Amino acid sequence: MEQQEKIYDLIGVGVGPFNLSLAALLDEIDEVESLFFEQKEAFDWHPGMLIEGTKMQVPFIADLVTMADPTNKYSFLNYISKNERMYQFYFLQRLDIPRREYNDYCQWVARQLDSCRFQRRVTNIRHYKDNEELFEVEVTNGENEKTEVYRTKNLVMGTGSVPVMPRSFQDASSEDVFHTADFLPNQDRCRKANSITVVGSGQSAAETFRELLKEQRDCGYRLDWITRSASFESMEESKLSLEHFSPDYVNYFYQLPQKQKDEIFANQGLYYKGISNHTINDIYNLLYEYSVGRKDLNVGLQVLSEVKDVRPKADGGYELECYHYQKKEMFTHQTDLVIAATGYKPFVPDFVHHLEDFLEWDEEGRYKVTADYRLVTTEETANEIYVHSGISHTHGVGSTNLGLSIHRNKVIINHLVGREVFPMNEKNIFQSFTV
């Protein structure tokens, strides 16, 4: 075990977009010494869904730094300039960018940041009081499997989310039943199938279905899409509705009683879980063009239906036991492959449970979080744990929004440094959520 002598001001767990943004902003602040650990070999953002033709659902100015500091060298526009693509981007005339390009941009930033250490898996964290109060962070170095120990005054958790597979799907072969997060690695398998069924709704389901639909006529498979939703619902993207993804709404939402916050959040799905209008239009346009001169498209779209069970068939493939909840009728559906678009949940690493007695939890077993993104602790301490993930119950619908994550990092940095490094505007939108 290798003990590092240096004491850091901040150590980050995970290097996804949120912590990468924080690392980029801190790179130009000399008074904070930080490290960020990530177990992957390099930055890679949802690699299984980097489908060609998909694009970001936020404008490019929601990059890692621009909404905090437009002059920062890690901006998307500087990435475009350094890669000699400024005129191509200029003629593109779009605010949104390809998802693959966002990933490439983040990789460009990560390669320049010495504070970001990849192939480093955090295995344990403990808070101790000796001559001074500190966190001790144990890290496994993936290059040599040695354990390294680091000390820091503060932590920031950016551990992201993991795919959710319904229990009824989990006993099936992962080659035949897999999450949309693994779509691209399984795309060749899809091309050879006789039938494919996408289960679930939302943007990932729609993008997967659209990609399969593009190739369906050439590959010849039967293609179905089943959702328990009442329709293939489009995301609420009107400009005034987008103001829910603002610091103003976060501040309003945070002040509400927890029971009321849970009730409100449960009814805001279409702000962040619906399908973008352009994706629905693409799918409908493809279906319309394919229907010219044909009566049978070999495509099915089934709403109001929940998949209750997935059973392997003796002769190959799977039988899906489904329930139409308005008609209250069961029915079965046959398919070779099942692609689950069943969402994600916040990832809480095992080592967080080593801090259970140090942290306060609500009645539902969730973090208690302060307005400025610090975990509430059970004892008085000068050491803070800032948090990016698993805070929708406290900070609302915008907690996973890339644009709002920059605001969150501004708040974290200002608190960490103890001064207003980044100005905080009191009014950012046109409407008011309170009186």
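Here are the numbers:
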read-out: Pairs, first in a loop (DSSP other than H, G, I, E, B) in region 152-178, second among the basic types (Lys, Arg), C-beta under 7 Å, six or more apart; value: Val164/Lys345; Glu175/Arg189
read-out: Flag if Glu263 is in a helix (DSSP H, G or I) and surrounded by fewer than 15 Cβ atoms within 10 Å (Cβ to Cβ); value: yes
read-out: From Val15, Val58, Val32, residue being surrounded by 24 or more Cβ atoms within 10 Å (Cβ to Cβ) and part of a loop (DSSP other than H, G, I, E, B); value: Val15
read-out: Test result for Tyr344, surrounded by fewer than 21 Cβ atoms within 10 Å (Cβ to Cβ) and within 30 Å of Asn186 (Cβ to Cβ); value: yes
read-out: Residue that is nearest to the chain's Cα centre (by Cα), among those in region 290-308 that are of a type outside the set (A, V, I, L, M, F, W, C) and outside any loop (DSSP other than H, G, I, E, B); value: Glu306
read-out: Filter result for Pro70 (within 20 Å of the chain's Cα centre (by Cα), part of a loop (DSSP other than H, G, I, E, B) and either exposed (fewer than 15 other Cβ atoms within 10 Å of the Cβ) or modelled with pLDDT of 95 or more (or both)); value: no
read-out: Pair list, Cβ under 8 Å, 6 or more apart: region 83-104 residue assigned to a loop (DSSP other than H, G, I, E, B), other residue among the polar types (S, T, N, Q); value: Asp96/Gln57
read-out: Test result for Leu20, without any contact (Cβ under 8 Å) to a residue 24 or more places away in the chain, outside any loop (DSSP other than H, G, I, E, B) and either surrounded by fewer than 23 Cβ atoms within 10 Å (Cβ to Cβ) or of a type outside the set (Phe, Trp, Tyr) (or both); value: no
read-out: Filtered residue count, region 238-263, keeping only those that are more than 21 Å from Phe430 (Cβ to Cβ) and either of a type in the set (A, V, I, L, M, F, W, C) or in contact (Cβ under 8 Å) with a residue 60 or more places away in the chain (or both); value: 4
read-out: Residue ID - nearest to Ile339 (Cα to Cα), chosen from residues in region 35-55 that are aliphatic (A, V, I, L, M) and outside any strand (DSSP E or B); value: Met49
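So that you can scan it fast, the table gives a plain yes or no per residue for (1) assigned to a strand (DSSP E or B); (2) in contact with a helix residue (DSSP H, G or I) (Cβ under 6 Å, 6 or more places away or on another chain):
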residue	(1), (2)
Arg117	yes, no
His127	yes, no
Phe135	yes, no
Val149	yes, no
Ala181	no, yes
Asn186	no, no
Thr197	yes, no
Phe209	no, no
Arg217	no, no
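The values are calculated or read from the model by the stated rules, or taken from the named source; none is laboratory data. This one's a predicted model, so the numbers in the text were calculated from it and none came from an experiment. Positions of Cβ are generated from backbone atoms using ideal geometry, with glycine treated the same way; all protein chains shown enter the neighbour counts.
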